[in-house]
Amino acid sequence: MRKLNIAIIGLGNIGAYLFKYLKDNKKILTEKNNCIPIIKYISAKNKNKKRNIKIKKNQWLNNYLDATKKKDVDLIIELIGGAEGPAKKLVFNALKNKKHVVTANKALIAKYGDQLSKIAENNKVNLEFEASVCGGVPIIRLLKEGLIANKISKIYGIFNGTSNFILSSMDTQNKNFDEVLLNAKKLGYAESNPTNDLNGNDVSSKLKILSSLSFSSFLNNNVFVEGIKDIDKIDINNANKLGYKIKLLGFAELINNKFYQRVHPTLIKKNSYVASINGVLNAVIINGIPVGQSIIQGEGAGPAATTSALVSDISSILRGNIKFPFSLSVKERKNLKFHSIDDRFFSAYLRFEVIDKPGVLSNITSIFSKNKVSIKRLVQNPDKNKKSSSIIIITHKSKDKSLKKILKSVAKRNYIKIKPKLIRIDES
Ligand SMILES: NC(=O)c1ccc[n+]([C@@H]2O[C@H](COP(=O)([O-])OP(=O)(O)OC[C@H]3O[C@@H](n4cnc5c(N)ncnc54)[C@H](OP(=O)(O)O)[C@@H]3O)[C@@H](O)[C@H]2O)c1
């Protein structure tokens, strides 16, 4: 029977779990793939660290880069992380030396995926990254295989479990952002430094990868990105009263022949499918022709779900399928232009906390009309004790740049108490 020699580099949360899984499931994987997966080598930063896995002495590589040079390595699994440094060195060298690569590293693929896929294609080896997007949700394989027939017009959803956990806990427990973040850290749902989860960058990396696969294009950095740091429980309560939930969504879409990529907190109708996805779950919705709409959801992160995705990639290599990393040859991928969302139309929710005095409301509404944005709904909640008022406005569809102009203009007025809010509404 054929054999595939594997080196696992990185034995942290994911690497250690995968190591154990591959050992425990060697027989069934061999039977299903008609090829024996053999963990030949492993490496991590600190050889002396205590780990909950049994590693044989002759499996340890003193230098992780040796995996790229050894003749008895066919596949390198990179589980170090980060777009630069050792992960980048490892993956570039592995592909140059004609080793297959499996990685869970979205930062690396979103930044260097085009260069890496070119090397993989030239050297006729696989570069697989199912685990880099939405953990256990097999969205990459779905786009590359299950939905291969389709012309995709939109792919969107919840791609970050940490931010979804925070927003849905703020909603169900009526708690503040900081309280919920602390709890998320305690439960292990947020890293000690959760910046990339909260500022939208994590979603942006995943969106670039999905967008590229959906539209047959090279990776493109033109993404509008806004995180969830400014969302507070007042916005969540207001959204509820207006019939919406707030979710951090990523969108890649084709509208009137223009491509857009955007990541931002979004008001979404309470009775929509996406609004019901709570906690650390991820969900992806794809609109395509001829399939119509497809939806897939599941655990977005964690060692178990990520291992599920990694094993799917490993199995593909065990079976001997050499594929283009981004579904089609580098020669066939397009250099698409992605547009700024400035000229895209949105309905929006705006909230202004103001000093309650005569003339404020009319000043605000005059700024709206000056910018040709019409108001669909206006709610004013005065607080007599604080001599302040909260003004909530829902607009009709308007150009994004006009909405941003209004926000900037009102923010400068002396009656404004805190930074005004703008949250875009999704009508789909
Ligand atoms: N955690 C998740 O839920 C999740 C989900 C999806 C994707 N991912 C991705 O999976 C990858 C790994 O994540 P993780 O959570 O397992 O990270 P982690 O727990 O921080 O593990 C990183 C591993 O890399 C090793 N390492 C660091 N520098 C190294 C070097 N120079 N040479 C060799 N090994 C080195 C570390 O060694 P030591 O053990 O000796 O320190 C550690 O074993 C990342 O790309 C991440 O984005 C993670």
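The values are calculated or read from the model by the stated rules, or taken from the named source; none is laboratory data. Just so it is clear, the structure is predicted and the values come from calculations on it, not from any experiment. Note that each Cβ is placed from the backbone with ideal geometry, even for glycine, and that neighbours are counted across all protein chains shown. Heavy atoms of the whole protein, side chains included, go into the accessibility calculation; ligands, DNA and RNA do not. Shrake-Rupley method; radii C 1.70, N 1.55, O 1.52, S 1.80 Å.
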State yes or no: is Gly81 without any contact (Cβ under 8 Å) to a residue 12 or more places away in the chain and either near the ligand (Cβ under 9 Å from one of its atoms) or open to solvent by less than 40 Å² (accessible area, probe 1.4 Å) (or both)?
no
For the stretch 84-133, give me each residue that is open to solvent by less than 10 Å² (accessible area, probe 1.4 Å), among the acidic types (Asp, Glu) and within 12 Å of the ligand (Cβ to nearest atom).
Glu130
Based on this model, can you work out whether Phe345 counts as open to solvent by less than 50 Å² (accessible area, probe 1.4 Å), closer than 30 Å to Leu213 by Cβ and in contact (Cβ under 8 Å) with a residue 40 or more places away in the chain?
no
Out of (1) on the phi < 0 side of the Ramachandran plot; (2) open to solvent by less than 50 Å² (accessible area, probe 1.4 Å), the odd one out for Gly292 is which?
(1)
Taking the stretch 241-271 and keeping only residues that are in contact with a strand residue (DSSP E or B) (Cβ under 9 Å, 6 or more places away or on another chain), open to solvent by 10 Å² or more (accessible area, probe 1.4 Å) and not β-branched (Val, Ile, Thr), one is left with Lys241, Leu242, Gly243, Tyr244, Lys245, Leu254, Lys258, Phe259, Tyr260, Lys269, Lys270
Would you be able to say whether some residue in the stretch 225-233 is open to solvent by 30 Å² or more (accessible area, probe 1.4 Å), more than 16 Å from the ligand (Cβ to nearest atom), in contact with a His (Cβ under 7 Å, 6 or more places away or on another chain) and on the phi < 0 side of the Ramachandran plot?
yes
Condition check for Ser362: open to solvent by 60 Å² or more (accessible area, probe 1.4 Å) and outside any loop (DSSP other than H, G, I, E, B):
yes
Residues being open to solvent by less than 100 Å² (accessible area, probe 1.4 Å), among the basic types (Lys, Arg) and within 9 Å of the ligand (Cβ to nearest atom) - total across the stretch 35-68:
1
Any chance Leu219 is assigned to a loop (DSSP other than H, G, I, E, B) and open to solvent by less than 50 Å² (accessible area, probe 1.4 Å):
yes
